[in-house]
Amino acid sequence: MVCKAKQNLIIGEERMGKFIFKRLGQMLFTLYIVITATFFLMHAIPGGPFTREKPLPPAVIAALEAKFNMNAPLHVQYFDYMKGVFSFDFGPSFQKVGVNVIDLVQSGLPVSAKLGGTAVLVVLIIGIPLGIISAMKQNKWEDYVVTILATLGVTIPSFVIATMIIYVFSGKLGILPSFGLTSWKHYIGPVIALSGFSLAFVSKLTRSSMLEVLQQDYIRTARAKGLSEFVVIGKHALKNALLPVVTYVGPMIAGILTGSFVIEKIFAIPGMGKYFVESVGNRDYTVIMGVTIFYAGFYIIMVFLVDIIYVLIDPRIKLHD
Amino acid sequence: MIKGEGMDKRWEKASEEIKGEKKIRPSLTYWQDAWRRLKQNKLSMIGLVVIILLFITAIFGPMVSKFSYEDQDLKFGNIAPRFDIYEVDKSNYIYVHPEYKLFTVTSDGELLDSLRPVKNDMMNSQKIYEVDGKRVVLDYKNAKLAKKNPSIQKYKILVENKETEVTKRVFNKTYFFGTDSHGRDLFIRVLYGARISLTVAIVATLVNFFIGIFYGGISGYLGGRVDAVMTRIMDIISTIPLLLYVILLMVIIAPGLKTIIIAMGITFWVRMARIVRGQTLSIKQHEYVMAAKTIGAKNFRILSRHIIPNAMGPIIVSLTMMIPNAIFTESFLSFIGLGVSAPQASWGTLASDALAGIRTYPYQLFFPSMAISITMLAFNFLGDGLRDALDPRLRK
């Protein structure tokens, strides 16, 4: 018996290794596609980065193009860029003199990561309990309150929430600061706006999967054994009810990532999102390219990790798809 | 025994009574049944009514309004939808703009004209006007103090050297939603924004719909190696944050109405393709598809006549869910400066423009935001109801 179980485990590990290997390959391929697509999309732009309303003298343009290595053949530029990306060198910014794209990422990333990380934590720490409460008190007032909040959270765009917070809490009441990110108070507004949608979604998701799990036989068995309600919910139901939430973590990170563009703009937070929006505004192509690839890479790695975690915690998943 | 009777009845014309009996329980088609279920869901009916009203106002609203979305009157910039008026005498009322400008208004809130100060006394922080022969003084000495202490009134109005209190608060009868900083009527701009936002959302969703049906249908129907490759492509695309690519596309092909539609149309189709593929995979096993094959129907005919129409339920549900997403994406893009360009307006650009003056003119943000939120809510309610009504798995 024991021997057989061990054998199964070994086979499982082997499969797991294969699965991770396959996913890793897929991830790298996707990254490659992202870089290639971004590169060629940016080079498909008519005009080019030095086209101004008042045309620059041809000599200046030639000098600029030579400086940014733009008169090399396209495939050479492509391979150079590819090489650069894998050593985290995204080239210089076209609009900000003497600033490299990676400098912007380095200065913006910690700020955005702090804000985004807080938002993710808030979503999980508040969203999941709200969903559980709502499922436990199905069709009671607690359930209705959570459902209404969740519906509003899903439908009201983040920028509307953000501007409302600024208007009410910073403008009218004057209790929250409206820009920057220096004290803990500065986090309240942006985090609420940033996590609003995902928070609502996670609580909806937790509620529905909790309701489904609570009808299962093993919950009845657990109750029949005389376990306390706390153990039944916390140990038996929650483990399985949280599986769909884990799959949502990937899209949630994407949502919070892109959401941060607007939120950082509204609250004037010097993060990557703000730089990205700025670069879109003044057509700073290398910054747009660099940040897009950086974001996409980050997101792809997150999805990869979530996939692996999911397989690890859900034994029902078949590894050979 | 029944033979004689039965034979007779069979050849007789059916009586009215029998016809009536049949009508008690008419057999319902799939769509009739779905409609019957949808009607029972109050929230989705509210959603449907709101959506219909929205379309009617978006289409006909701009036709009946006296302003156009691009009419601007700098004189009447940033006027609120509801304001305080002061009585000068029985027939003359004035409204004090937050920028210390005076307007003559009627007692029920119709804007007449802006007033030019007769004398601008900067030393005493006073502006002196003449209304119908009466001397009206706007005293803004306290403006600086009011900044520190909000309980102090920013300005005083003196009519013939006598301080006057606010007579009443009225709704703006000329501009229902107020005006923006260029003096454009916000009401008509929100209506016009509805046109743009809804057009973008619906056309982009339709583009997704056609690409999705085409891609998913072929992938699911052909199966085998073609399906494997096509599914792998979908897997790769769905792990890329698509919004970034919408932004990239918009940067490349200068922002505008067409660009938003193109960028959203060619990026967000994967979800639809997945649904269509899943449906096709299960429907192609049905007998009627087999029957069609046996009589030699072409692949295209089987797909377009047999498979797609029968997959319509889940497709429509996801279409209604995609529209609010598209509205949100459009306003999101406009908000970061990639929307339609002025004087055109979508809800997103209106909200974005209002951001600069949020403290003084919050109404400019309120109306477009409400429009976006209500529309998204309505489509969500309708989508939820449609899912319950059209999803066969939920049928009892």
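Just so it is clear, none of the values below were taken in a lab; they were calculated from the coordinates. Just so we're clear, the structure is a prediction, and the values are computed from it rather than from any experiment. FYI the Cβ positions are ideal-geometry reconstructions off the backbone, even for glycines, and counts take in every protein chain you see.
At 222 nm, what helix-only mean residue ellipticity would chain A give, in deg cm²/dmol to the nearest 500, using -39500 (n - 2.57) for each DSSP H run of four or more?
Values: 13 runs with 225 residues, N = 321.
Estimated from H runs of four or more residues: -23500 deg cm²/dmol.
Highest mean first, the peptides A:23-29, B:78-84, B:291-297, B:175-181 sorted by other C-beta atoms within 10 Å per residue fall in the order B:175-181, B:78-84, A:23-29, B:291-297.
Enter the mean number of other protein chain beta carbons within 10 Å of the beta carbon of each residue in B:119-127, as an integer. Intermediate values should be presented prior to the final figure.
Details: counts 0, 0, 0, 0, 0, 0, 0, 0, 0.
Average neighbour count from other chains, rounded to a whole number: 0.
For peptide A:146-158, the mean count of partner chain Cβ atoms within 10 Å of a residue's Cβ comes to 4. The C-alpha atoms of chain B define a longest principal axis, and helix B:242-252 lies at about 60 degrees to it. For peptide A:26-32, the mean count of partner chain Cβ atoms within 10 Å of a residue's Cβ comes to 2. Each Lys or Arg adds one and each Asp or Glu subtracts one; over the other residues with Cβ under 14 Å from the Cβ of residue A:181, this totals +3.
Based on the Cβ-Cβ distance from residue A:215 to residue A:106, what FRET efficiency comes out when R0 is 35 Å, to the nearest 0.05? Please report the intermediate quantities before stating the final value.
On the way: r = 51 Å, r/R0 = 1.45.
Rounded to the nearest 0.05, the efficiency is 0.10.
Near residue B:289: Cβ cut-off under 15 Å, other residues only, Lys/Arg at +1 and Asp/Glu at -1. The net charge is +4. Here the simple spin-label model places points 7 Å from the Cα toward Cβ, and for residue B:108 and residue B:66 these points are separated by 1.3 nm.
Note on the range A:250-321 and the range B:331-396: Cα centroid distance 23 Å, given to the nearest whole angstrom. Determine the distance separating the Cα centre of the range B:218-232 from the Cα centre of the range B:268-313; give it in Å without decimals. Taking the Cα centre of the range B:268-313 as reference, the centre of the range B:218-232 is 13 Å away.
Note on chain A: GNM, Cα springs under 10 Å; of A:82, A:70, A:302, the largest mean-square fluctuation is that of A:70.
One chain, two ends: residue B:258 and residue B:31. Fully extended at 0.36 nm per residue, the span grows by 78.3 nm beyond their Cα-Cα distance. Taking the C-alpha atoms only, the angle from helix A:58-67 to the longest principal axis of chain A is near 50 degrees.
Local charge sum around residue B:270 (other residues, Cβ-Cβ under 13 Å, Lys/Arg +1, Asp/Glu -1)?
On the way: positive: B:232, B:271, B:274, B:277; negative: B:235.
So the environment of residue B:270 carries a net charge of +3.
Which of rounded, prolate, oblate describes chain A, given a ≥ b ≥ c as roots of the alpha-carbon gyration tensor eigenvalues and a/c under 1.5 marking rounded, otherwise prolate only if a/b is larger than b/c? Walk me through the numbers before you get to the answer.
Working: a/c = 3.34, a/b = 1.49, b/c = 2.25.
Here chain A falls in the oblate category.
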